[in-house]
Amino acid sequence: MKSTFEKKAAEAVFKIALNAEEWEKEIESAYQRTKKRYKIPGFRPGHAPRRFIEMHYGQGVFFDAAVDACINNAYAEQMAAHPELETFGQPDVAFDKPEEGDAFAFTLTVTLYPEVKLGEYKGIKLPKIEYNVSDDDVQARIDADLHHASRLEKTDRAAKSGDVTLIDYVGTVDGVEFEGGKASDYELKLGSNTFIPGFEDGLIGIKAGEERDVNVKFPDEYHAEALKGKPAVFHVTCKEVREELLPALDDEFVKDRTKYETVDEYKTGLRADLETAAKQRERSERIDAAMKAIADNAECEVPEKIVAAEVERMFREMAHNLSHYGISVDDYLKYNNSSPEQFRSERKGQAETNVKMRQVMKAIIAAEKIEVTEADIDKKFEDDTARHTYEHEAEHHGGDAREFAKSDILTDKFFDFILENNEFTLEEGEAEKPAKKSAAKKSETAATADKKPAAKKPAAKKPATKKTEE
């Protein structure tokens with residue numbers, strides 16, 4: 001078998017040629033592997049001579065099987081001969097016109113993961129990212145727990161912020177009702193910011209049995225195209241006003257509602273939980289900032305084929321995450337005035353960044369010789385919860401539990417390395433070192449595609465997420 005190899009920027013090209021004797025061996029091998037499939041009168045299955053099968057089914061009966069085996073074997077041989085290549089997917093195959101002395105020839109072209117030319121990845125000065133837990137943060141968590149345990153009681157007084165109203169409403173634009181703008185027996189907590197701006201404020205002071213028109217304006221970025229920026233009137237009938245009554249914060253509440261015994265233990269435990277969450281957020285955001293800067297300093301051209309595959313992975317991941325909430329991809333995209341084609345187009349940049357980040361990570365791991373030992377894995381498996389998690393992952397996704405653990409440990413070691421070797425010291429307004437290129441965040445794990453969309457109510461908006469105090 002003759003072969004040539006040429007490495008290009010984004011692909012490797014192998015030209016393969018077999019002479020008559022080598023091709024005959026491939027045909028004979030195909031015959032031996034497949035002869036039991038063919039039924040020839042006078043012969044038991046698998047015992048008919050090759051020439052009889054060829055006479056009965058045609059001279060090229062073994063051609064396809066021989067070609068498949070030849071290509072697979074040739075590709076395996078080439079990969080063994082070139083272990084330095086990091087290939088993506090399966091090779092493209094093109095059949096060539098055999099040269100003199102050859103019986104069969106073909107070309108294998110395989111896409112390569114991009115090589116990385118690392119820039120500065122240690123000693124980078126980055127903006128300070130630090131989160132501390134205040135007394136107000138602890139109190140906010142306590143208030144949330146108290147509200148969760150609250151009860152509602154009807155009241156005859158006028159509604160105020162924090163009350164829950166039971167309402168009927170009909171919305172109109174230019175005097176015409178619009179789809180989704182009507183509801184009966186709807187429970188709305190005033191001050192929850194679940195409806196468009198102005199709607200809840202317009203119900204402050206309303207009483208049970210009262211009717212009122214509330215004038216609002218839909219946001220310019222509203223999800224329903226026909227309502228964007230439009231003024232609307234909602235005719236509201238208030239059926240009930242309910243006051244939220246909070247329980248007392250005492251040891252009895254703590255014992256009944258939490259894992260603690262006393263109020264002091266509860267407050268101490270809440271602070272510890274919040275501090276853990278703050279440090280996790282701090283670590284995550286520092287990793288994002290460091291990886292962005294490191295990727296900006298690196299050179300890496302990602303082939304379009306790999307970008308397209310990453311986009312498809314992101315699409316499947318979105319579909320999988322939505323399925324947990326019983327939401328179809330079509331419904332989600334329709335709700336967001338999007339489409340599969342638009343999703344793919346909009347994610348190309350992020351997909352390219354994802355691949356680049358992974359390649360940069362691998363390059364640094366190789367350059368710094370970051371490794372995972374068997375002792376590291378053994379230590380991880382001393383934690384029963386971690387061990388069961390990896391065993392469950394291996395059972396449901398295939399593979400080895402220790403390999404899953406090894407991957408996580410290697411990632412953590414890499415993140416520890418970049419955090420230890422870069423400085424988060426720049427104060428607000430202090431000059432930062434200019435980056436060579438722009439780069440987005442390293443992954444889409446926090447993208448809106450992974451989140452459950454709010455229920456479709458043209459009169460409502462998604463609640464904002466309140467950040468931890470900085």
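The values are calculated or read from the model by the stated rules, or taken from the named source; none is laboratory data. Bear in mind that the values here come from a model prediction, so they are computed numbers and not experimental data. Here the Cβ is made from the backbone with ideal geometry for all residues, glycine too, and neighbour counts use every protein chain on show. Heads up: the accessible areas ignore ligands, DNA and RNA and are worked out on the full protein's heavy atoms, side chains in. Shrake-Rupley method; radii C 1.70, N 1.55, O 1.52, S 1.80 Å.
In region 390-411, is there at least one residue being closer than 23 Å to GLU130 by Cβ, out of contact with any strand residue (DSSP E or B) (no Cβ under 8 Å at 6 or more places or on another chain) and open to solvent by 80 Å² or more (accessible area, probe 1.4 Å)?
No: region 390-411 contains no residue that is closer than 23 Å to GLU130 by Cβ, out of contact with any strand residue (DSSP E or B) (no Cβ under 8 Å at 6 or more places or on another chain) and open to solvent by 80 Å² or more (accessible area, probe 1.4 Å).
Only one residue in PRO83, PRO91, PRO98 is part of a strand (DSSP E or B) and open to solvent by 20 Å² or more (accessible area, probe 1.4 Å). Which one?
Working: PRO83 fails: part of a strand (DSSP E or B); PRO98 fails: part of a strand (DSSP E or B).
Exactly one residue qualifies, and that residue is PRO91.
So which residues in region 83-118 are among the aliphatic types (A, V, I, L, M) and closer than 29 Å to VAL355 by Cβ?
From region 83-118, those among the aliphatic types (A, V, I, L, M) are 85, 93-94, 103, 105, 108, 110, 112, 116, 118; that's our starting set.
Within region 83-118, LEU85, VAL93, ALA94, LEU108, VAL110, LEU112, VAL116, LEU118 qualify.
Taking region 115-139 as the search range and keeping residues that are farther than 22 Å from ILE287 by Cβ and in a loop (DSSP other than H, G, I, E, B), which one is most open to solvent (accessible area, probe 1.4 Å)?
Once the filter is applied, the top-ranked residue is GLU115.
Select from region 338-390 the residues that are basic (Lys, Arg) and within 25 Å of ASP400 (Cβ to Cβ) and list them in ascending order. Outline the logic, then answer.
Residues of region 338-390 basic (Lys, Arg): 344, 347-348, 356, 358, 362, 369, 379-380, 387.
Within region 338-390, ARG358, LYS362, LYS369, LYS379, LYS380, ARG387 meet the criteria.
Scanning for something open to solvent by less than 60 Å² (accessible area, probe 1.4 Å) and polar (S, T, N, Q), does region 232-242 turn up at least one residue?
We begin by selecting, within region 232-242, every residue open to solvent by less than 60 Å² (accessible area, probe 1.4 Å); these are 232-234, 236-238, 240-242.
Retained after the next criterion (residues that are polar (S, T, N, Q)): 237.
Checking region 232-242: at least one residue is open to solvent by less than 60 Å² (accessible area, probe 1.4 Å) and polar (S, T, N, Q).
Quick one: count up the residues across region 202-215 that are under 23 Å from GLU153 (Cβ atoms) and under 44 Å from the mean Cα position of the chain (by Cα).
2
Residues are listed down the side, and each one gets a yes or a no for (1) under 30 Å from ASN336 (Cα atoms); (2) part of a strand (DSSP E or B); (3) in contact with a Gly (Cβ under 7 Å, 6 or more places away or on another chain):
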residue: GLU187; (1), (2), (3): yes, yes, no
residue: ILE206; (1), (2), (3): no, no, no
residue: ASP213; (1), (2), (3): yes, yes, no
residue: GLU221; (1), (2), (3): yes, no, no
residue: LYS239; (1), (2), (3): no, yes, no
residue: GLU244; (1), (2), (3): no, yes, yes
residue: ALA248; (1), (2), (3): no, no, no
residue: ASP256; (1), (2), (3): no, no, no
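For region 314-353, name all the residues that are open to solvent by 70 Å² or more (accessible area, probe 1.4 Å), under 22 Å from ALA295 (Cβ atoms) and either in contact (Cβ under 8 Å) with a residue 24 or more places away in the chain or aromatic (Phe, Trp, Tyr) (or both).
LYS348, GLU352
Looking at THR34, THR4, THR107, which one is β-branched (Val, Ile, Thr), assigned to a helix (DSSP H, G or I) and either at pLDDT below 95 or open to solvent by less than 90 Å² (accessible area, probe 1.4 Å) (or both)? Give the steps one after another, and end with the answer.
Numbers: THR4 fails: assigned to a helix (DSSP H, G or I); THR107 fails: assigned to a helix (DSSP H, G or I).
None of the others qualify; the one that does is THR34.
Could you say which residue among GLY269, GLY209 is at positive phi and at pLDDT 95 or above?
On the way: GLY269 fails: at positive phi.
It is GLY209.
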